[in-house]
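The values are calculated or read from the model by the stated rules, or taken from the named source; none is laboratory data. Please read all numbers here as calculations on a predicted model, not as lab measurements. Cβ atoms come from the backbone with ideal geometry, glycine included; neighbour counts cover every protein chain shown. These area figures cover heavy atoms from the full protein model, side chains too; ligands, DNA and RNA do not enter into them. Shrake-Rupley method; radii C 1.70, N 1.55, O 1.52, S 1.80 Å.
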Amino acid sequence: MTEPAPPYSKLNVLCDIYYGFRPNKPTFLPQDYPDLTDKTAIVTGSNTGIGLQVVKLLYSKNCNVLSVVRTKSKGDAARDETIAEFPASKGSITVIGGCDYLDLTTVKPAASKIKDIIGDKPLNLIIHNAALMASVNTATSKQGYEAMFQTNVMGSQLLQHFLDPIFLKKDDDLKRIVWVSSGAHLLGFKEYGINWDDPTFENCTVEERPSANTLYGQSKAANIFQAKAWASKNKEKVDEIGCVSVSCYPGNLKTDLQRDWNGWLRILRRSLFWDGIYGAYSELYAALSPKLTTKDQGAYVVPFGEVRDPREDVKVGLTNGSDLKLWDWVNDKIKEFF
């Protein structure tokens, strides 16, 4: 870290957790979205859950959507469902399968397909929605890293590396990146949410890992940092093209992200969580709201479409270089896959 993390209020953490279950009502809704004819969006993890709802809303507004998924057959089924639901749309949905963040070697081939499909057309929106929220702390990627950190942080940063050359162009007025985070960042490590000594937990045994909640919280704190760090790393070009990069906490939602939950967790999900469409409202506020400008780089969007502060130490980390340090650390780990 760049400097010792400041303390944060546990009372504020509890208040923020409560807000996640009882957020303000959405005010930026589909009827407020602009027409997206001739606009192109990339949405990862988009064959189910919030990602699918985001694709549906974008497509309903005539957007050309590239749906990046692990399993192409599931992506195709979601595409067909969406097209049938919105027969009047003038947009398109193209499925790019085989992108599995648990194996970083699959990202470059997927990015090559994206580049071939987009060609010289503008790329307007990138929504890094794909995520893993495991109920256990034992999952490990093909590269030997803790699975949630690789999926939620390293995978999206690697894909963004390949997308930068086609995204960072002055070819359209709409340019947004949304890095999907979570209120779970509140449960991350004490020092800016990150275990700085070994974020991927490759240098310890599985038995020595902290809880799954802490691991997931770390990955979501990292997503908040990525939004600001990417904008800082590309500041000159970002300012030129008017791009906005923000993180987004979609909400506490009933989605396939909790598919392996059981027992009382399943009861909690059924009784307190919101339908997935509300998460799409949050993400599309981040992607489309005219209230967000280049002055809002690294803003933290919360349910169901407003800007608030993340945990106090994470907020400080956005201004003291901790975000850049994490970005550089991840880049050093993934550069062999460039």
Highest to lowest packing among 11-18, 158-165, scored as the average C-beta count within 10 Å: 158-165, 11-18
Highest-MSF residue in the chain out of VAL244, VAL65, VAL206 [GNM, Cα springs under 10 Å]: VAL206
Highest-MSF residue in the chain out of ASN152, ASN137, ASN203 [GNM, Cα springs under 10 Å]: ASN203
Accessible surface, per residue, of the chain when the full set of protein chains is kept, probe 1.4 Å, Å²: 42 Å²
For the chain, share of DSSP beta bridges that run antiparallel, in % to the nearest 5: 15 percent
Carbon and sulfur %, accessible surface of the chain computed with the full protein complex present, 1.4 Å: 52 percent
Segment 10-337, relative contact order [Cα under 8 Å, separation at least 6], %: 20 percent
With DNA, RNA and ligands ignored, accessible area of ASP80 (1.4 Å probe; Å², nearest 10): 80 Å²
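Ordering GLU306, GLU85 by how much accessible area each has at a 1.4 Å probe, largest first, what is the list?
Order by accessible area, largest first: GLU85, GLU306.
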Candidates LEU272, LEU284, LEU36, ranked by Gaussian network fluctuation over the chain, Cα under 10 Å, top entry: LEU272
Gyration tensor (alpha-carbon) shape descriptor, segment 1-58, a/c threshold 1.5: prolate
Largest-first principal axis extents, alpha carbons of the chain, Å: 51, 44, 38
Accessible-area ranking of ASP313, ASP332, ASP38, largest first, probe 1.4 Å: ASP38, ASP332, ASP313
Principal-axis tilt of helix 72-85 within the chain, Cα atoms, nearest 10 degrees: 60 degrees
Rounded accessible area of THR293 (nearest 10 Å², 1.4 Å probe): 60 Å²
At 1.306 mPa s and 10 °C, Stokes diffusion of segment 170-232 via Kirkwood alpha-carbon radius, µm² per second: 122 µm²/s
GLU191-ARG22 pseudo-label distance in nm [points 7 Å out on the Cα-to-Cβ vector]: 3.7 nm
Solvent-accessible area of LYS113 with every protein chain in place, 1.4 Å probe, in Å² to the nearest 10: 100 Å²
Kirkwood-based Rg to Rh ratio, segment 121-243, C-alpha trace: 1.03
